[in-house]
Structures are given as structure tokens and as C-alpha cells.
Amino acid sequence: MKSLNQPSYRIVAIPGEGIGPEVIEASLKVLQHVARLERFTLQVDYGYIGRVALEKFGSNFPQATAQLCNGSDGIVFGAVSQSGLLELRKHFDFFCNLRPIRIINSLLHKSSLRPEKVEGLDMLIVRELVSGIYFGASGRASDDRGAYGYHTMCYYDEEIRRIARKALQQAQQRQGLLTVAHKENALPHLPWTHLVQEEATKFTGVMVEPMLVDNLAMQMVLKPQRFDVILAGNLFGDILSDIGGALVGSIGLLGSASLNGDGFGLYEAIHGTAPDIAGKGIANPLGTLAACILMLQQWGETQAAAKIIAAQDRILAKGYRTADLSPQEGEILVSTEILIELLLEEISIIQHSELGVLDEQCR
């Protein structure tokens, strides 16, 4: 039991657009429910980014949103189609993006691969998030050959070293294998392999495995179970982590945490706005909820996180599926709202069961 001085957290929810508002609202219901059960309080403020912010404030990333996020305990983000998100990440230096890719046993048959290829799958992609080609010099110009566009991939050595240290820490806490995505045969001036190996001398028990990114993408499909932690730059990490959606059955299942050096974080699903299903009430909220689980774990609220994970596993094991999981015979198609109601009910059952066990132990 927690002490009478209940922990209190303040988060900023940024729904964004598309299915963002739907998955945010759904996830906050679950967060507030476990907060009550675990005896901590959760204050939610709302911020704006992207098209909604542009209409309201005249900026994709308004100063009002930045100020609101200052001093909060985390940012829970939905989705946007326009700029604003990159500015948010850069403003708070959320350089360390963690993207867990774990298979759920009841969804083995939903993978694009045979069940035996993904059984027990548990990898982590560590993606550098505030540098590289998305933040390098870019623009449009012309010369005697005509008009052209350009984007520059620039990495300072220290930017590679600091994300390497985070990835090495993760590998040290897991199975001790760090695979480094690189393209040094074509991009020799970005020495990821050398810099990561230098940092690795400070981390005992971790083996560093450099791998060309094109081969790595192929191996993620051929032998995904062989990987533990994958370290990648911004562009490569963006692409590789989407393969994870195919491995586990849907990109709608995957969440991420983006942390700065102080441990302050931005938590979001890795899917986009999905405008084709926005407003239909069928979006899968489990990716955003997975991000919220990472937030709870970052706070040390591990029991709350464990309750959500257990409830999710039970609901999926009973055959409940959102549309993106392509329900088949014997499975039950549910809306976003119904899935959340089922989760809330299952979390309460888990809570009562735990209290019953404690009761028995006290007798």
C-alpha cells in the first residue's frame, strides 16, 4: 500500500488530429482508473500542435504549448499530419526514443510471419530522435540542370555517443546484444560503428554487432528472434521500427517513449493520424496505451503498469479485436469504446483478486 502522502503527477495531453483525439481520450480513461486504484493523482492539461495549433495560435508549435509542458511529468501525444512534432522533440531535446517490439501470445497468428518465427519476440529499437536528416540543412534550389531538393544528414560525434550510451545501458539490462544499424559503405563519414564500440568499453557484458541497415531490415523479417537491442539513427530507426508492426500483427499495438537527459519524456504510439478511419470509433488505442505504460514505468508506478499489461493480455486472449487486427472466425470485433470498457472491467477484476489474496495473507 502507498503512504498517505499520495504521489501526484501532471501530464500534458496533446491529442493532435486524425485518430489522435480518440486514442488519447481512451488511454486517459485507463490511466485515471489505475491512478485511483494505485492511489496516485493524475492532473491532465491539454496542449496543441500541428494543424489544430496553427488554426488556434497561428503556429504549428505555439509557445503556449511549450510553456504548458514545462514542469510537467510527461507529455502524452496523439498524432499530427503537419509540422509541430519535430519542433516539440527538438525543443525538449527528446533524443532517446525507445520502441519496444514484443509479441503477444494470443496474437501470434496475426504476425506477417509464421508463429514459430515470432514466438517469444522481444526486441527494443533505440532511435536517435533530434538530429540526422530530419533536422539537417534542407531546401529547394536550381542549377544548370534544373530544379532540385536536398536534405542533409548531419550527426555530431557526441550525438552518436550519447544515444550509444543509452542503447548500451538498455542492452546491459537485457540480453547483452546491441546491433548497430549503419550504412558506412555509402556514408563513411558517419562512423556509428567506431563511436559505439568506443563507448561500449565502459559497458561490461555487452556485445556490439554492427550491421548494414539493408541487411538488418532483411534479418528482422527472416530471423527477428535473434535481436535484442537495435540502435539506429533517426531515419533508419523510423523505418525499421515500422517493420515491428508487421511482426506483432499491427502498427496500432506499438508505443514509444522519447526521453531527454533528465528523464523527462514524450509518450506516443508510432502510428500516424490514419485519416481514413478517424471519427469512426474503430481506432486501436493499444499503441497509445503502450506508450502510457512506458510512462508509468518511468515514474516507478510499476504496479499500475503491470495491471494494464495483464488486463490487455486477458482481453486479447478472450478474442476481442479492433479492426486493424482483422478479426477472423471465433474473434470478436469491438470498437475503441468497447475495448476500453473491457479493459477497465478487467483491471478492476485484477485489483479485487489482488485484494483478496492480501486478505487471505492477513488472516
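Screening the candidates Glu301, Glu341, Glu268 for the property of being in the same structural domain as His33 (by the TED database), free of Cβ contacts under 8 Å to residues at least 12 places away in the same chain and not aromatic (Phe, Trp, Tyr) yields one hit, Glu341.
Taking residues in segment 119-130 that are on the phi < 0 side of the Ramachandran plot and modelled with pLDDT of 95 or more, and partners anywhere that are among the hydroxyl-bearing types (Ser, Thr, Tyr) and open to solvent by 10 Å² or more (accessible area, probe 1.4 Å), the pairs with Cβ atoms closer than 9 Å and at least 6 places apart or on different chains are Leu121/Ser111; Glu128/Tyr155.
Annotation: Arg102 fulfils all but one of (1) surrounded by fewer than 20 Cβ atoms within 10 Å (Cβ to Cβ); (2) within 19 Å of Leu289 (Cβ to Cβ); (3) more than 15 Å from the chain's Cα centre (by Cα); the unmet one is (3).
Only one of the numbered conditions (1) in contact with a Gly (Cβ under 7 Å, 6 or more places away or on another chain); (2) more than 19 Å from Phe40 (Cα to Cα); (3) open to solvent by less than 70 Å² (accessible area, probe 1.4 Å) is violated by Pro327, and that is (1). Put simply, of Arg140, Arg114, Arg162 the only residue that is closer than 30 Å to Cys69 by Cβ, of a type outside the set (S, T, N, Q) and open to solvent by 30 Å² or more (accessible area, probe 1.4 Å) is Arg162.
The rows are residues; the columns are (1) among the aliphatic types (A, V, I, L, M); (2) under 30 Å from Leu108 (Cα atoms); (3) within 25 Å of the chain's Cα centre (by Cα).
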| residue | (1), (2), (3) |
| --- | --- |
| Arg127 | no, yes, yes |
| Val130 | yes, no, yes |
| Ala137 | yes, no, no |
| Thr152 | no, no, no |
| Gln175 | no, yes, yes |
| Ile239 | yes, yes, yes |
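Scanning segment 268-277 finds no residues that are open to solvent by less than 10 Å² (accessible area, probe 1.4 Å), of a type in the set (Ser, Thr, Tyr) and touching a helix residue (DSSP H, G or I) at 6+ places or on another chain (Cβ under 7 Å).
Looking across segment 113-162 at every residue that is out of contact with any helix residue (DSSP H, G or I) (no Cβ under 8 Å at 6 or more places or on another chain) and of a type in the set (Ser, Thr, Tyr), the one that is nearest to Leu231 (Cα to Cα) is identified as Tyr156. Residues of segment 28-64 that are in contact with a strand residue (DSSP E or B) (Cβ under 7 Å, 6 or more places away or on another chain), in a helix (DSSP H, G or I) and open to solvent by less than 10 Å² (accessible area, probe 1.4 Å): Leu31, Ala35.
Within segment 295-314, identify whether any single residue is surrounded by 15 or more Cβ atoms within 10 Å (Cβ to Cβ) and among the hydroxyl-bearing types (Ser, Thr, Tyr), and answer yes or no. Checked segment 295-314: no residue is surrounded by 15 or more Cβ atoms within 10 Å (Cβ to Cβ) and among the hydroxyl-bearing types (Ser, Thr, Tyr).
When Gln225, Gln173 are checked against the criterion of being in contact (Cβ under 8 Å) with a residue 60 or more places away in the chain, open to solvent by 70 Å² or more (accessible area, probe 1.4 Å), out of contact with any strand residue (DSSP E or B) (no Cβ under 6 Å at 6 or more places or on another chain) and not assigned by the TED database to the domain that holds Ile270, Gln225 stands alone in meeting it.
For segment 201-222, the count of residues that are within 20 Å of the chain's Cα centre (by Cα) and open to solvent by less than 50 Å² (accessible area, probe 1.4 Å) is at least one.
The values are calculated or read from the model by the stated rules, or taken from the named source; none is laboratory data. These numbers were taken from a predicted model, which means no experiment stands behind them. Positions of Cβ are backbone-derived with ideal geometry, glycine not excepted, and every protein chain shown enters the neighbour counts. With ligands, DNA and RNA removed, areas are computed over all heavy atoms of the protein, side chains included. Shrake-Rupley method; radii C 1.70, N 1.55, O 1.52, S 1.80 Å.
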